[in-house]
Every structure is written in structure tokens, then in C-alpha cells.
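In what follows, a structure is listed as C-alpha cells, so that the remarks can point back to it.
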Amino acid sequence: MKSAVIIFPGSNCDRDMDVALKKFGFKNEMVWHDDEQLPKSDLIVLPGGFSYGDYLRCGSIAGKSKIIKSVVDFAAKGGLVLGICNGFQILTETGLLPGVLQQNKNIEFICKNVFVKVNNKNNKYFNSIDKDILELHIAHNEGNYFCTSDELKMLKDNDLVAVSYCNEKGEVNEKSNPNGALQNIAGIFNKEKNILGMMPHPERMIDKYLSGEDGSIFFKNLLNNFK
Amino acid sequence: MKIKVIVTLKNGVLDPQGKAIQQTLNGMGFSSVNEVRQGKFFEVDVNEKDEAKAKIKVEDMCKKLLANLVIENFEIL
């Protein structure tokens, strides 16, 4: 179970992700965006942060990095690619996932714990997780997911909405939508479900004393797929 | 040759910054302002003497980087 976290200029959750992956048993390597080759890995992570200062559009410049070509090739062969927050934005900008993350509807940077409903367990990210509702953390200015009606239909028809913002009871409604995301979408898969992009940060929820442990559940499950 | 590009949000795409600007203008007394849409302006200096060729190159740049066609339109001036 080897993983690699890509560092872009302006990434700031790369080391949190490194700590989380190692805590649950991944052998993790950090990879610089200007490299062309990925180390042999089971999982590639595009971490959160503000790559290139969010210039032009969030994730747009990181999406043209040298390493991205290898990430696209890795994903095409079925390798697991996880994009968290800015990583999700990069995945949409590279076209690996449909849609775009727009500015939050209320024009505020949102930093708080939220609940998300796990919609689909037929994949390696959530397959053996008992809980249907996870408490995770969000911290973003552009998390307002938007896509065309055709893309939304494609996501729905193929059951690709991975996680949706909800309340503690699992109710997905406007009140539980923190950022105006289309239909409360917090994370999506590609068609093959080996690529997951989501705004919430599981790596921030891995300590029962500091935060909560629903992120631990996520990483433990991910690791189990490689045992 | 300098080519100018304007990138705007497509109709129907939420523009929270434009909305905030409109509300501020209304609050300042510009009560006739119905809506503000915010966009981006680029000046791209291309090493090319032929304007048509330069514009073709810039169009490619717009499609690949300068605009996100899911939510934005671009216009080469």
C-alpha cells in the first residue's frame, strides 16, 4: 500500500495528508509538481491548499503541471486518485472530473465541520464503511459545485455523487448546504469510480481528542482495499 | 502583437461578486443599477505578425486555459 501526495506551490494540506496516510499504514512519498514520473503507487493524492495562489481560477494552473500527465495516465489504468479541496478543483480543471467549483454563494470563506451523506459504497473509498453520515471539515472559498444539466444527469444516472452535504440526521436540504453547491454535492466520482474529488478534508479528522475520527474511518477503509 | 480577450460568466451562472457589487452600488445611491456581472480581461502579447494567425493561437489558449467553458464564455477583441 504505497501512496504519493503531489505538492504544488501553495499546497498547504500536503503534510496533513502525509501524516494521515502514514498513521494508517500507507508508505507515503511526497512528489513535486515539476517532476514527470510518479513513484510506484496504489493511491495518488492531490492535496488541499491554494496552488498558485488560486490565480486565474482555483486549480487551473496546477492542472497544467508536468506531473499531471502521469496522474492522467495512472488514472486511465485504474489507479486510485483522490483530490481533496484544491485537489478536487484541480481534478475538474484537468477534466478528470466534470463540472467546476465556483465561489461560495455567500462570498465567504467557510471553515467549519459539516456532515456528509455517503451515497455510494460500491467503490474503494467507502466500500466497508458502516456509517452513512460522516462528520468532516471544510475550509474553502470556492466549493460551490456547478455543472451543466447534461453532466448532472450523467452523474445521477451513473450514481457518481459520492458525498452530499447533509445535517446530523442525514437530511440533504438547503439548510445543510454550506456553499450553494448544486444539489448539495460535496464530492463526485468519475465513471469508473477510481477518481474521487471532494471538498471536505478527511485528513483533518483523524484524532479523537483534536477533531473527531470520521476521517480515520475513511483512511482505514482505503487501506483495507490494499491488504 | 497584443491580442485582447474578455472572459465572462455564461448567462444563468451565479456571480456572487457581481451581485455584491450591484448591491453596493445600489447602497451608494446608484439606484438605477439592475445587475452587475464581473469578468476578466487579458492582454496576450503573441510573437506573431499576422493578426488572424495570432487570434487563432489565442483562441486555442482561451479554450485550454484562459476560460473554463463549463461556466465561461470568451471573446477575442
Which condition from (1) at the interface with another protein chain (Cβ under 10 Å from one of its Cβ atoms); (2) over 29 Å from A:GLN37 (Cβ atoms); (3) of a type outside the set (Lys, Arg) is the one that A:VAL118 breaks? (1)
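Hey, can you tell me all the residues within the stretch A:30-84 that are charged (D, E, K, R) and within 19 Å of A:ASN224 (Cα to Cα)?
Selection gives A:LYS40, A:ASP42.
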Turns out the strands (runs of 3 or more DSSP E) fully within the stretch A:54-166 with at least 3 residues that are of a type outside the set (Asp, Glu) and under 13 Å from the mean Cα position of the chain (by Cα) are A:80-84, A:133-140, A:161-166
Can you tell me which residue in the stretch A:146-157 is farthest from the other protein chains (Cβ to nearest Cβ), limited to those that are crowded, with 17+ Cβ neighbours inside 10 Å and over 15 Å from B:LEU69 (Cα atoms)? A:LEU155
Determine whether the stretch A:65-73 contains at least one residue that is crowded, with 21+ Cβ neighbours inside 10 Å, within 11 Å of another protein chain (Cβ to nearest Cβ) and among the aliphatic types (A, V, I, L, M). no
Among the residues of the stretch B:23-34, count how many are at pLDDT 95 or above and either within 14 Å of another protein chain (Cβ to nearest Cβ) or in contact with a helix residue (DSSP H, G or I) (Cβ under 8 Å, 6 or more places away or on another chain) (or both). 2
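Report the residue count in the stretch A:179-204 for those that are among the hydrophobic types (A, V, I, L, M, F, W, C) and either over 24 Å from B:GLY12 (Cα atoms) or in contact with a Leu (Cβ under 7 Å, 6 or more places away or on another chain) (or both).
The number of residues fulfilling the criteria is 6.
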Do we have any residue at all in the stretch B:47-56 that's among the β-branched types (Val, Ile, Thr) and not in a helix (DSSP H, G or I)? no
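The values are calculated or read from the model by the stated rules, or taken from the named source; none is laboratory data. Everything numeric in this text was worked out from a predicted model, so none of it was measured. Neighbour counts run over all protein chains shown; Cβ positions are idealised from the backbone, glycine included.
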